[in-house]
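Here's the structure we're looking at; comments come further down.
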Amino acid sequence: MRRMAIPQPPTSYLPPIAKIASYTSTQLLDALTYLKLLYNPEVRGSHRIRSNAARNRGSSPIDVKWRCDDEDSDTQLIRSDTFERSYTIRWLIALVARMEDLLESIGNTQIESASTFHGPVHPEILMQQAASLLAICSGASAAGTVERIFSFGSGEIGKIDVRVTDIPMENQDYRSVGAQTWGGACVLAEMIVQHPEQFGLGFLTGENDTCSERPLRVLELGAGTGLVGLTAAKVLIAFSAKKDCRATVVATDFYPSVLDNLRANIDKNFPGDPSDGAVTITSHFLDWSKLSATPSAPELLSEPFDVIFGADIVYEADHAIWIKKCLERLLRRPSTSTACPLAATFHLVIPLRPTHTLEADSIGTTFRWTDDIPRNDYPELALLSKETILCEAYRDGDGKRGCDVVEYLYYKIGWSRRG
Ligand SMILES: C[S@@+](CC[C@H](N)C(=O)[O-])C[C@H]1O[C@@H](n2cnc3c(N)ncnc32)[C@H](O)[C@@H]1O
């Protein structure tokens, strides 16, 4: 499904306030649909349109083709423009007032007045939509805040909806990048829904499942708004409904306002007591640069994890090294005594930004390939596979439409089995 483009700002797109009465109900509904896309969009995540994945080292760059509905930056600029937002609020107030008048006329059977409102959409519907948009646009922290519903589909578990709120970056501080949801999270979340078993989540339904004696432990590093962790939790809940199994999901980040928003997103998707139920999800502070120097990890992080996710978390020189140190502490080591046959794995998706190629390369210099590790060496964290994912990101702006190809790398990292 293509999202409709936001071609112009509200000041040029919306019918003039003074002339609202002369527009048809269909035209006004169109204007409300435009405002909903701008200030309260429903996003369908990336979806695969062709898959031909080679999963080994050295795979050719065009392996998998995905389409991402990444937003263009023009839309984001319009959304964060306070002048456009206050104009929209005034426009919506005028529309609500006009619909109230019309409804009163209809109630008083003043047919003449009511008949000036031509078109098939009832004023009550327009008034309700305008009022709910008004609440969204004039909310306390409205400027730059956007709530999205990501909808991912899979034959096995059906439709997974995740509600995620992005907040404005704090004082344009680059460290608060986790305030927004990034394309890598969208790609990874959809991959999880489509192939949960490839991420160690679907095994819960297996015939010979011996893992249910302890909860599966899932961690997200640099969770930001939490899309990946929330999606994993919803997938696990779908499985737990089929089979008696338990899982703990911990979504982590280090930036205070990002963590507050992450907590709010968890509450929105899982209202009620987080400790209640077979699958729990919580947020937790975790700074990759500091964990290895912390003598005892906080309780929630003290036990190792079976599955670790990371979306778009390698964009500075030290990130790969810090993340490796975290994994050494947090990724469950292989053990012959464990009842669970699952090999703990870190799943990492990063975009290939032309400006950050060195940082992306740092993964290859920080982790060795598993088959490069000599047989008698101690087990170490190694690259198990690398896959290239191509997304078609549609752009609309200046009246032109186009399609950019965005390249992502998907790494699987785990303990080498050659020691
Ligand atoms: C580009 S954002 C990606 C957020 C999210 N994974 C997504 O894809 O939407 C990078 C995330 O890494 C987090 N981060 C950066 N440095 C970190 C550190 N030293 N410790 C923990 N998290 C960190 C940021 O706060 C941010 O949430």
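Remarks
- Residue that is modelled with pLDDT of 80 or more, surrounded by fewer than 12 Cβ atoms within 10 Å (Cβ to Cβ) and assigned to a loop (DSSP other than H, G, I, E, B), where the choices are Pro379, Pro374: Pro374
- The set of residues in the stretch 227-246 being in contact with a Ser or Thr (Cβ under 7 Å, 6 or more places away or on another chain) and modelled with pLDDT of 90 or more consists of Leu227 alone.
- Qualifying residue in the stretch 195-218 (condition: aliphatic (A, V, I, L, M) and either within 12 Å of the ligand (Cβ to nearest atom) or at pLDDT 95 or above (or both)): yes
- Whichever residue in the stretch 148-175 is of a type in the set (S, T, N, Q) and within 16 Å of Asn265 (Cα to Cα) and, among such residues, is nearest to the ligand (Cβ to nearest atom): Thr165
- Filtering the stretch 236-284 to residues that are over 20 Å from Val307 (Cβ atoms), within 16 Å of the ligand (Cβ to nearest atom) and free of Cβ contacts under 8 Å to residues at least 60 places away in the same chain leaves Phe254, Pro256, Leu259, Asp260, Arg263.
- Of the listed requirements (1) in a helix (DSSP H, G or I); (2) in contact with a helix residue (DSSP H, G or I) (Cβ under 8 Å, 6 or more places away or on another chain); (3) at pLDDT below 55, Lys36 misses just one: (3).
- Taking helices (runs of 4 or more DSSP H) as the structural unit, those lying wholly within the stretch 243-334 and holding at least 2 residues that are among the small types (Gly, Ala, Ser) correspond to 256-269.
- Taken together, Phe305, Phe309 contain a single residue that is touching a residue at least 60 places away in the same chain (Cβ under 8 Å), surrounded by 18 or more Cβ atoms within 10 Å (Cβ to Cβ), farther than 25 Å from Val177 by Cα and in contact with a helix residue (DSSP H, G or I) (Cβ under 6 Å, 6 or more places away or on another chain), which is Phe305.
- Of all residues in the stretch 314-323, one or more are at pLDDT below 95, crowded, with 23+ Cβ neighbours inside 10 Å and within 25 Å of Arg175 (Cα to Cα).
- Options Asp287, Asp306; residue that is closer than 26 Å to Lys325 by Cβ, charged (D, E, K, R) and within 16 Å of the ligand (Cβ to nearest atom): Asp287
The values are calculated or read from the model by the stated rules, or taken from the named source; none is laboratory data. A quick note: this is a predicted structure, and the numbers were derived from the prediction, not measured. FYI the Cβ positions are ideal-geometry reconstructions off the backbone, even for glycines, and counts take in every protein chain you see.
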